[in-house]
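Q: Sending over a structure as structure tokens; questions will come in a sec.
The values are calculated or read from the model by the stated rules, or taken from the named source; none is laboratory data. Note that this is a predicted model, so its numbers are computed, not measured. Cβ placement follows ideal geometry from the backbone for every residue including glycine, while neighbour counts extend to all protein chains displayed. Side chains are part of the model used for accessible areas, which takes the heavy atoms of the whole protein and leaves out ligands, DNA and RNA. Shrake-Rupley method; radii C 1.70, N 1.55, O 1.52, S 1.80 Å.
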Amino acid sequence: MPRANLTIRANEPGPTISRHLFGHFAEHLGRCIYDGLWVGENARVPHVRGWRSDLVAALRRLRIPNLRWPGGCFADDYAWRDGIGPRERRPRRINAHWGGVVDDNAVGTHEFLDLCAQLGCEPYVAANVGSGSPREMRDWIEYCNAPAGSLAEERAANGRREPWKIRLWGIGNENWGCGGHMTPEYYANEYRRFTGYAREFPDAPLFRVACGPAGDDVRWTEVMMRDALKGPFHAAPMFQGLSLHYYTMPGTWENKHAASPFDENGWKSVMALGWKMDAIVRGHRAVMDRYDAAGAVALVVDEWGAWFAAEPGTNPGFLYQQQTVRDAVLAALTLNVFINHCERVRFANLAQIVNVLQAVALTEPGGGRLVLTPTWDTLELYSAHQDARRLAVDCDAAFASHDGLEFPHVSATASVAADESITLTVCNTDPAAAADVTLALAGRNVSVREARVLATPVLTTCNTFDHPRAVTARPLDGVKTDAAGVHFTLPPGAVAALRFS
Ligand code: AHR
């Protein structure tokens with residue numbers, strides 16, 4: 001049985017793991033918003049002002065820090081004025097990117113911000129650069145954040161007197177692709193133009209996220225840091241965050257692998273492509289460090305996750321996919337990368353929250369049953385890290401290799417919370433062999449308070465509407481403590497969290 005020795009350096013200082021690493025993303029895509037989160041005010045399924053209550057309750061358990069909206073590619077096609085005012089008068093638009101379906105704009109700014117209030121999370125709004133104008137973006141920010149003036153009055157007439165004071169604004173999305181097919185030089189200029197009109201109102205400072213690279217495109221990062229970070233008049237950076245998008249997509253764009261079933265090679269390709277995130281983040285960090293040694297600008301990984309073929313029988317433009325424990329381990333590996341780089345990576349958004357790509361929940365069409373996915377469990381196991389202080393973890397586990405890419409057999413992260421409790425999160429990426437783990441905590445005497453594991457004997461098992469909790473976190477049995485440390489065994493393909501106090 002493979003062995004791993006872990007040491008948590010519990011007596012050393014470490015940076016804060018921003019809770020915003022555990023953010024989510026809701027796009028007007030497939031059944032994410034409509035017939036997912038949003039069931040409408042006349043729905044039979046219980047809801048609060050149109051937002052599905054059981055889903056909101058399940059998401060609240062994850063302590064979601066921020067929710068990105070309305071896209072994605074949709075954002076650069078979106079006219080915010082379509083989504084305000086009486087619903088019956090809102091225009092019906094074709095969602096050109098995602099299935100060509102009609103979006104009746106039932107969900108607009110007010111509804112989305114109501115959802116954020118129900119979830120208790122911060123809104124993160126993506127403004128339109130690709131097909132929009134600086135004036136449109138300026139007006140949207142003013143509508144949301146200004147205390148007075150015509151736009152504030154219009155907002156009040158639409159039911160909201162107080163400004164929302166939205167802090168997080170993305171200035172465009174994937175402007176190298178669906179957001180305008182721009183070169184980095186062209187976008188850098190556009191960014192400079194747009195950001196000048198992203199105005200701040202009293203008590204409403206902005207955190208501006210510029211469109212960043214796709215995957216390992218360090219040239220995009222270089223150009224943005226060189227040409228758009230510093231303005232002519234002020235010393236302050238012109239953006240506080242630079243986005244990065246990377247999806248784990250086994251197969252090719254035209255021929256993606258299925259979410260399930262898969263064989264051992266399929267498992268390994270997801271681990272290997274997932275761990276590539278580490279090299280990608282390192283590459284962008286190195287460029288950002290050269291221009292911003294103090295680390296003022298955050299790397300914002302506002303789209304990440306597994307992208308498989310759409311489930312047979314579903315609209316391919318809706319990106320609906322099932323999940324297995326493979327996705328849960330991928331999520332753990334990826335979150336470990338973010339935590340290990342949390343000095344620079346301070347925001348991240350899993351794509352997407354419900355019914356699209358690596359969702360944490362799936363719903364039956366027509367407001368039917370709800371099922372939580374194995375990724376929901378990973379997010380729940382990791383929630384203890386939110387705003388905790390990172391502790392370094394030494395791990396002597398070997399690396400595996402697949403198609404020329406390496407990934408660790410065992411990957412672990414740890415943090416200490418304000419109440420001094422320590423959480424270790426650890427995954428076994430080997431699909432066939434259990435891992436025997438010995439953990440030492442240097443500098444602390446602790447006892448195990450809780451140990452939970454997400455694992456299943458058949459790795460291709462999915463949570464379905466008939467068997468909603470087939471793959472779910474359970475107590476991890478057999479944890480032993482002696483003078484050498486804490487000993488436990490991780491089943492093949494598993495994610496675990498242990499809490500010590
Ligand atoms: O998340 C699905 C799509 O992936 C988003 O709309 C886009 O930004 C990315 O290409």
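Q: Roughly how many nanometres apart are two label points built 7 Å out from the Cα toward the Cβ at residue 387 and residue 458?
A: If labels sit at residue 387 and residue 458, their model points lie 4.3 nm apart.
Q: Please work out the FRET efficiency for the pair residue 193 and residue 1, using the Cβ-Cβ distance as r and a Förster radius of 60 Å; give the result to the nearest 0.05.
A: Computed FRET efficiency for residue 193 and residue 1 comes out at 0.50.
Q: Which order, highest average first, do 476-485, 250-259, 63-72, 305-314 follow once you tally other Cβ atoms within 10 Å for each residue and take the mean per peptide?
A: Numbers: 476-485: 12.0, 250-259: 14.0, 63-72: 24.8, 305-314: 17.9.
By packing density, highest mean first, the sequence is 63-72, 305-314, 250-259, 476-485.
Q: So if R0 is 35 Å, what FRET efficiency would residue 264 and residue 61 give, r being the distance between their Cβ atoms, rounded to the nearest 0.05?
A: On the way: r = 33 Å, r/R0 = 0.95.
Approximately 0.60, to the nearest 0.05.
Q: Express the carbon and sulfur contribution to the solvent-accessible surface of the stretch 230-352 as a percent, rounded to the nearest whole number, probe 1.4 angstrom.
A: 57 percent
Q: Quickly work out the residue 48-to-residue 447 label distance, labels modelled 7 Å from Cα along the C-beta direction, and quote it in nm with one decimal.
A: Placing both labels 7 Å beyond Cα along the Cβ direction yields 3.8 nm.
Q: With r defined as the distance between the Cβ atoms of residue 483 and residue 343 and R0 fixed at 30 Å, what FRET efficiency is calculated, to the nearest 0.05? Intermediate values should be presented prior to the final figure.
A: Numbers: r = 35 Å, r/R0 = 1.15.
Efficiency for this residue pair is about 0.30.
Q: Could I ask something else about it? Quick one: if you stick a label point 7 Å off each Cα along the C-beta vector at residue 252 and residue 369, how many nm between them?
A: About 3.8 nm separates the two model spin labels.
Q: Still on this structure, I have one more. Does the chain come out rounded, prolate or oblate, given a ≥ b ≥ c as the square roots of the eigenvalues of its C-alpha gyration tensor, rounded meaning a/c under 1.5 and, failing that, prolate meaning a/b above b/c?
A: Cα axes put the chain in the prolate bin.
Q: Here is a further query. Straight-line reach only, C-alpha to C-alpha below 26 angstrom: list the lysines that residue 165 could link to, leaving out same-chain residues fewer than 8 apart.
A: Leaving aside lysines fewer than 8 places away in the same chain, those within reach of residue 165 are 230.
Q: Enter the accessible area per residue of the stretch 156-208 (Å², integer; probe 1.4 Å; all protein chains in place).
A: Value for the stretch 156-208: 50 Å² per residue.
Q: A further question follows. Once you have a ≥ b ≥ c as the square roots of the Cα gyration tensor eigenvalues for the stretch 350-446, tell me rounded if a/c is under 1.5, and otherwise prolate or oblate according to whether a/b is larger than b/c.
A: Oblate, since a/c reaches 1.5 and b/c is not below a/b.
Q: What is the stretch 1-112's relative contact order, in percent, from Cα pairs under 8 angstrom and six or more apart in sequence?
A: Reported as a whole number, the value is 22 percent.
Q: If we sort 137-143, 231-237, 202-208, 215-221 on the protection proxy, mean other Cβ atoms within 10 Å, highest first, what's the order?
A: Numbers: 137-143: 20.9, 231-237: 10.0, 202-208: 15.3, 215-221: 18.0.
In decreasing order of mean packing, 137-143, 231-237, 202-208, 215-221 become 137-143, 215-221, 202-208, 231-237.
Q: Of the peptides 103-116, 447-460, how do they stack up when ordered by the mean number of other Cβ atoms within 10 Å, highest first?
A: Packing proxy ranking, top to bottom: 103-116, 447-460.
Q: Restricting to the chain, what percent of DSSP beta bridges are antiparallel, rounded to 5?
A: In the chain, approximately 55 percent of DSSP beta bridges are antiparallel ones.
Q: Which distance in Å, rounded to a whole number, links the C-alpha centroids of the stretch 360-401 and the stretch 95-133?
A: Here the two parts' Cα centres lie 25 Å apart.
Q: For the stretch 18-67, just say rounded, prolate or oblate: build the C-alpha gyration tensor, square-root its eigenvalues into a ≥ b ≥ c, call rounded for a/c under 1.5, and beyond that prolate if a/b exceeds b/c, oblate if not.
A: oblate
Q: Pairs of alpha-carbon atoms within less than 8 angstrom and 6+ residues apart define the contacts here; what relative contact order does the chain have, in percent?
A: 20 percent
Q: On to the next question. Which whole-angstrom value gives the distance between the alpha carbon centres of the stretch 201-241 and the stretch 314-346?
A: 25 Å
Q: Excluding residues on the same chain fewer than 8 positions from residue 276, give the lysines whose Cα lies under 27 Å from its Cα.
A: Filter leaves 256, 268.
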